[in-house]
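Colleague: Quick one: structure below, then a few questions.
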Amino acid sequence: MQERRKLPTGVRGGGRSVNTMQKKLEIDLSECVLCDICVELCPHVFRKNDANYIELVESDSYPEEDINDIIRSCRGHCIEWIEET
Ligand code: SF4
């Protein structure tokens, strides 16, 4: 069984979510392998914090097509849009 890293408090494995109009973007840090693809390809949305975890840059809106490309490239399969109900 894979050992889980200790994560900062927050939603879903310490990930942080940000709301858009109809859905929110979420990172599940318990699955993140810290490959940095998201930060390299979309630094205006993703960054590494002082604890060396990926987090979302605060914004009122995010470029959906760019983020969808990152979701497909994410090696940890840990970035997703969550539909708001
Ligand atoms: S692309 Fe996915 S696995 Fe890689 S650092 Fe970003 S969130 Fe983590």
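The values are calculated or read from the model by the stated rules, or taken from the named source; none is laboratory data. Note that the coordinates shown come from a computational prediction; the quantities given were computed from them, not determined experimentally. Cβ atoms come from the backbone with ideal geometry, glycine included; neighbour counts cover every protein chain shown.
Colleague: Quick one: in the stretch 27-85, of everything that is surrounded by 11 or more Cβ atoms within 10 Å (Cβ to Cβ) and polar (S, T, N, Q), which residue is farthest from the ligand (Cβ to nearest atom)?
Modeller: S59
Colleague: If you don't mind, there's one more thing I want to ask. Name every residue in the stretch 13-52 that is at pLDDT below 95, assigned to a loop (DSSP other than H, G, I, E, B) and touching a strand residue (DSSP E or B) at 6+ places or on another chain (Cβ under 6 Å), in order of residue number.
Modeller: R16
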